[in-house]
1. FRET efficiency for Thr199 and Gln35, Cβ-Cβ distance as r, R0 = 25 Å, nearest 0.05?
2. Could you tell me what a quarter of the Cα convex hull surface of the stretch 256-319 works out to, in nm² with one decimal place?
3. Fewest to most neighbouring Cβ within 10 Å: what's the order for Ser85, Ser34?
4. If I compute percent of Cα pairs over 29 Å apart from the structure I just sent, which labelled value in [x] 57; [y] 47; [z] 52 lines up?
5. Give me Rg/Rg_expected for the stretch 185-298, where Rg uses Cα atoms only and Rg_expected = 2.2 N^0.38 Å with N residues.
6. Could you tell me which residue out of Tyr153, Cys178, Ser217 lies farthest along the dipole of the stretch 152-222 toward its positive end? Charges go on the beta carbon: Lys and Arg +1, Asp and Glu -1, centred on the Cα centre.
7. Tell me what the chain gives for mean residue ellipticity at 222 nm when only DSSP H runs of n ≥ 4 count, each as -39,500 (n - 2.57), the sum divided by the residue total, rounded to 500 deg cm²/dmol.
8. If you take the beta carbon distance between Glu278 and Lys43 as r and set R0 to 41 Å, what does 1/(1 + (r/R0)^6) give as a FRET efficiency, to the nearest 0.05?
Amino acid sequence: MNIDEMQNKINKGNIDGNYIFYGIEEQLMKENISQMKKTVLDKNFIDLNYIQFDGNSSSLEEVINVCETAPFLSDKKIVVVYRSSFLKGGDSNEKEGNNKFNVLYKYLENPAPYTILIVYYVFEDEREKVSSKIKKLEKKAYCIKFDKLKGMYLEKKVKKIFDDNKKDIGKVELKFFCENVDPDMNIIFNEVEKLCSFTDEREITKNDILLMLPQKSDNDIFDLVDSLAQKKPEKALDILNELIFKGEKIPMILFMIERQFRLLFNIKAGIEDGKKKENLISELKLNPYICDKMIMQSRKFTVKQLKNALDKCLSTEKIIKSSSVNLKIQMELLIINVIL
């Protein structure tokens, strides 16, 4: 089943069976769950017939016991298991993950007819592949992948978000917005809210969109630096290769990485000196939303780590400018050296 088929079932009130949600777009998963709640459950008894479990910390036996308990004054109940990383291939705690998966698989062979069980797992990034565990569940439940929306589906969704904010946007501007925004629903919600606040009661123009939106490559650099913070060189190298594939020149990639570390260093040092967010926004000339993200990212590093990363960037820049070397190899060495 795909997202469109899922939406048709919800719109027709034809919600039955059990569901495995997986993919990169957690916001879309949550929206569909919210719609299912409104469609299936009596609002007077939602608290009694809608139950959530954290898949990483909860016992699957406990989840199944709740699934097999009859709903309260209702034909149906909904049980949601979020953060279900046991559906990931090569789970970090493989034995526990396999045990949880086996309990779920056994239950789905003969599920309670009055319970709609929704188990969802959010990919760490869009490069992650569908695991063999999820594939095994395809004959036991509706398995739906939540990818980033594209094309007319993205435009339709974004238009609804503007409508919900009681803000008109022209067709040309809507298309331009969708072509330039990162198709991540959390980012889109924030960007729409920023545009609505910035333009107030006047019409949204292309210039407004250009002014407010971060560039897509900036988002990639943010993710690359985040991978370094998490000591995941493979992921950082994947992003580097993707940027090169998109046509970004290596000196520019190095410049953007260095700029990111410099901003993080200034933010980290500023916060340790007692500066407020408003001071940082003014001094560093940052968009408030970007500043919030940078503050969160700066917490993953020490001042010493950021200074070391800057030194490594400057050394790499000197090597690239002063000798005939393989630029890609130098960037790969930079990524590895920053993590060490």
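Just so it is clear, none of the values below were taken in a lab; they were calculated from the coordinates. This one's a predicted model, so the numbers in the text were calculated from it and none came from an experiment. Cβ coordinates were reconstructed from backbone atoms using ideal geometry, including for glycine residues, and neighbour counts include every protein chain displayed.
1. Between Thr199 and Gln35 the formula returns 0.30.
2. 4.2
3. Ser34, Ser85
4. [z]
5. 1.17
6. Tyr153
7. -18500 deg cm²/dmol
8. Taking R0 as 41 Å, the efficiency between Glu278 and Lys43 is 0.50.
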